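The values are calculated or read from the model by the stated rules, or taken from the named source; none is laboratory data. Predicted model only: the values in this text are computed from it and were never measured. As a convention, Cβ positions derive from the backbone with ideal geometry for all residues, glycine included, and neighbour counts pool all protein chains shown.
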Amino acid sequence: MKRLSIFICIVLLWSCKEEQKATETVEPLKTYTIAQMMDNEAVGGGSFSPDNSKLLVHSNRSGIYNAYTIATADGNMEPLTASDSSSVFTTSYFPNDERILLSKDNNGDEIYQIYLRDTTGTITNLTPYEGARANFYGWSKDEKSFYFGSNKRNPQYTDVYKMDIETFTPSLIYQNDEGLDVGEISDNEQYFALIKPINTNDSDLFLYSVAEGEMKKVNETQSGNSPEDFSKDGKYLYYTTDDGGEFSYLKRYNIADGTSEKVLEKDWDIMGSYFTRSGKYRVSYINEDAKNVIEVFDTASQQNIELPQFDGGDITSVGFSKDDSMMRFYVGGSNSPSNLHTFNLKTKEQNKLTDVLNEEIVPEHLVKAEVIRFNSFDGTEIPSIYYKPHQASEENPVPALVWVHGGPGGQSRQNFSSLIQYMVNHGYAVLAVNNRGSSGYGKTFYQMDDLNHGDKDLKDCVEGKNWLAQQPEIDGEKIGIIGGSYGGYMTMAALTFTPEEFDVGVNIFGVTNWIRTLKSIPPWWESFKDALYKELGDPYSADSVRLKQISPLFHTSNVTKPLIVLQGAQDPRVLQVESDEIVASVRQNGVPVEYVLFEDEGHGFVKKENQITAYSKILEFLDTHLKKEIEKPIEDSDI
């Protein structure tokens, strides 16, 4: 690879104003430290206070997620919690006062519980059931209670409870003896929408009648079905289904006569749809080529309302105030972390409440992703998301990485990633491959890797590497593979089953022994276990032979390329032993192996301090083993 003696400047961007006739140039490209890149703030949530004057959010500005309020008038942010260990996530304001509900697990163990913060600032665990999870389901129509799910009675089954908000006494309203997943509850509490996974794509949808004590199946054929909401009058259940098609569309089921009719269909999956609290609007999310497209339908006018438009960003999520007069929404993109906005639906006044990008980072220095497609070994078209460094060119080819998402069945999307932007900023191209088996591209594509993991999906990643190698701005001799969870598995599969294809591997809490992983599924995944076995294989059957064949741990003698492994000790999905053993085994080959273990993280690193350590270690590893030599960091004084 040709070396850069100086930093390449971004192409000058000319801004011509008709009156001023002035020109501007963008600052010369800088490389940023991981501390600078992680100093971007991540904000989530957005429940309106009863008087609409504040929003309840969670933010990692303290280095760990805590609860805050943001004034809707001026964006003033006030802290509500000060945790320095486990992250705190916001759930909701109470409907008629400023008490709030929070959610917290223990350093990533995913055993979430529901907490109350009262108006004095006192925080109380409302679901202190040892070893049991609790999930908030929503407020009752009379606003005197909230619903939640808990597996305290049986670790394998989630029951539904109703919590009185004066006495905070829970009462059981649905005992889940069938091992189904609870979807929606009607406002009159007479109906529960329940799901039984058949496989990782298909699920049966049931309607349970409290009065009759009967369960009725809604879908007529095997298909992917998901309950979305009940109509406010209680007459209809709205649900998404891919029955008879490639993509999910919205239907409604007439509870009285059992008939169904199509409500909304697009050329992509409708990922979700719900009614606002008053029923004035129906919000729908469409997964359009790996990014959200949102429609807000006015149920009175039967028309979509016009949403604000933004250059260089998209609305990624929306929420409404109780009276439907205010909307909050996030705007972001692949090159921009999401900012929180409000929109007054009556006056059309719009306010930007946050500015989450670190002020030391020049926005133009971040890279906007491009959706590309390539044909795989068998002609299957593989959609991917490409990040090309600003400094990459035919004269200055750069190393590259194939990025593999989690799952199986996940999807790389056009969202902001600090890690990806950090690597790209430091001169690594990234191709996020949505290999066969990824969601978002139709039922047929999604099912293509069933009982075939580590084979054709891996070949798609190899073809992604080949596509990169053909690009003039890429050094085809320096291409690695990186991924987390299932993506970490794919990294290890690549290094063991195609040992000469990739030059390095970055395994972030990846599965290495499918037999053990499938046998150690957390109890609260019981309803999904059989479906997962149908996709991957049953470890208690003859499938175990194939599962061993595709498990990298049993083939580590093939590994010849440098490897880095990152793991959280509290991970309940991919146990620490997975990474411990793969590291020990590969080291026997005399191959460079680095291991980064965090005692206070789970399946994903959420603490900024740990993210900084993890991502800096990844870059150091890449600079050493992929670039083969470390560039001197460019200081501001050198620009």
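Below is a table of values for the structure above.
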item	result
Residue within region 33-53 that is aliphatic (A, V, I, L, M), touching a residue at least 60 places away in the same chain (Cβ under 8 Å), out of contact with any helix residue (DSSP H, G or I) (no Cβ under 9 Å at 6 or more places or on another chain) and more than 30 Å from E620 (Cα to Cα) present	no
Leading residue by the ranking (farthest from the chain's Cα centre (by Cα)) among those in region 545-576 that are of a type in the set (S, T, Y) and not in a helix (DSSP H, G or I)	T560
Test: Y161 is within 30 Å of the chain's Cα centre (by Cα) and either of a type outside the set (F, W, Y) or modelled with pLDDT of 95 or more (or both)	yes
Scan of region 449-499 for residues that are among the aliphatic types (A, V, I, L, M), buried (at least 19 other Cβ atoms within 10 Å of the Cβ) and either at pLDDT below 95 or within 21 Å of the chain's Cα centre (by Cα) (or both), ordered by number	I481, I482, M490
Failed criterion for N225 (all others in (1) touching a strand residue (DSSP E or B) at 6+ places or on another chain (Cβ under 8 Å); (2) under 25 Å from D538 (Cβ atoms); (3) surrounded by fewer than 20 Cβ atoms within 10 Å (Cβ to Cβ) hold)	(3)
Region 324-382, residues that are at pLDDT 95 or above, acidic (D, E) and not in a strand (DSSP E or B)	D324, D355, E359, E360, E364, D378
Unique residue being out of contact with any strand residue (DSSP E or B) (no Cβ under 9 Å at 6 or more places or on another chain) and either part of a strand (DSSP E or B) or not basic (K, R) (or both) when the list is N107, N96	N96
Identity of the residue in region 293-316, touching a Phe, Trp or Tyr at 6+ places or on another chain (Cβ under 9 Å) and touching a residue at least 40 places away in the same chain (Cβ under 8 Å), that ends up surrounded by the most Cβ atoms within 10 Å (Cβ to Cβ)	T316
Criterion violated by S145 - all others in (1) farther than 28 Å from F605 by Cα; (2) among the polar types (S, T, N, Q); (3) surrounded by fewer than 18 Cβ atoms within 10 Å (Cβ to Cβ); (4) touching an Asp or Glu at 6+ places or on another chain (Cβ under 6 Å) satisfied	(3)
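Condition check ((1) under 25 Å from the mean Cα position of the chain (by Cα); (2) free of Cβ contacts under 8 Å to residues at least 40 places away in the same chain) across all residues:
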{"position": "S83", "(1), (2)": "yes, yes"}
{"position": "S87", "(1), (2)": "yes, no"}
{"position": "S92", "(1), (2)": "yes, no"}
{"position": "I100", "(1), (2)": "yes, no"}
{"position": "N106", "(1), (2)": "yes, no"}
{"position": "G121", "(1), (2)": "no, no"}
{"position": "N125", "(1), (2)": "no, yes"}
{"position": "E130", "(1), (2)": "no, yes"}
{"position": "F146", "(1), (2)": "no, no"}
